[in-house]
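Report on the structure given below.
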């Protein structure tokens, strides 16, 4: 688990695997895309807030949610995610809300080149969300399932970025490096990868960017 100082207090971040992330700020527990195939959520700390990027089974996983959702838990979701029996805050790309002093903005996440068997993008534009969390000026970017898209060129002063790296659903190595070097976060977390050579990526990424993987800094 890594720790960072923010205007809202200490931020602690824990990656479970795939796109599943747990972090705490102001004594509250946040989860991103909890997924039970990479981690058992039975017995995990209950969630105050959960961010869901899209409706694919490895991001919206009811089996994981049942273990961490409480009566007061709020799920932040795009419109495509089913709404059943929880408390929801629905955000489309470009919309924002504030929860416990954390401003959450839903941003684009989609494929440009990577297509499925029906020649459609695995992640169509405008369907899923990435998220930018603003913790009193300290900004975290969860890119979601996306390729290197024009939106990334507009990002400024990102403190921590979570970027996906795998084919055919998100970015290959060269595109991942290009995205990282364009955004220039202070800290970079690769996530949602099948395999990854941290030393090879480190050699291509701007040396001013600190890369964190499996609680190790590169």
Arranged by the count of other C-beta atoms within 10 angstrom, fewest first, what order do 73, 45 take?
45, 73
FRET E, pair residue 28, residue 151, Förster distance 30 Å, beta-carbon r, rounded to 0.05
0.60
To the nearest 0.05, how large is the calculated FRET efficiency for residue 173 and residue 62 if R₀ is 22 Å and r is the Cβ-Cβ distance?
0.10
Restricting to Cα pairs below 8 Å that are 6+ residues apart, what does the relative contact order work out to for the range 64-218? Please round to a whole percent.
14
Within the range 52-72, whose backbone N sits under 14 Å from a point 7 Å along Cα→Cβ of residue 42?
63-68
Among 205, 140, 25, what is the fewest-to-most ranking by other Cβ atoms within 10 Å?
205, 25, 140
By average C-beta atoms within 10 angstrom, highest first, the peptides 16-22, 120-126
16-22, 120-126
What distance in nm lies between label points placed 7 Å from Cα along the C-beta direction at residue 204 and residue 98?
4.0
Gain upon complete extension [residue 90, residue 117; 0.36 nm per residue less C-alpha separation]
6.7 nm
Among 84, 28, 165, which one moves the most in a GNM of the chain with springs linking Cα atoms closer than 10 Å?
84
Just from its helices, what would the mean residue ellipticity at 222 nm be for the chain, if runs of 4 or more DSSP H residues each count -39500 (n - 2.57) and the sum is divided by every residue, rounded to the nearest 500 deg cm²/dmol?
-3000 deg cm²/dmol
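A short reminder: the numbers here are calculations on the coordinates, not readings from a lab. Since this is a predicted model, take the numbers as computed values, not measurements. Glycine also receives a Cβ, built like all others from the backbone with ideal geometry; neighbour counts cover every protein chain displayed.
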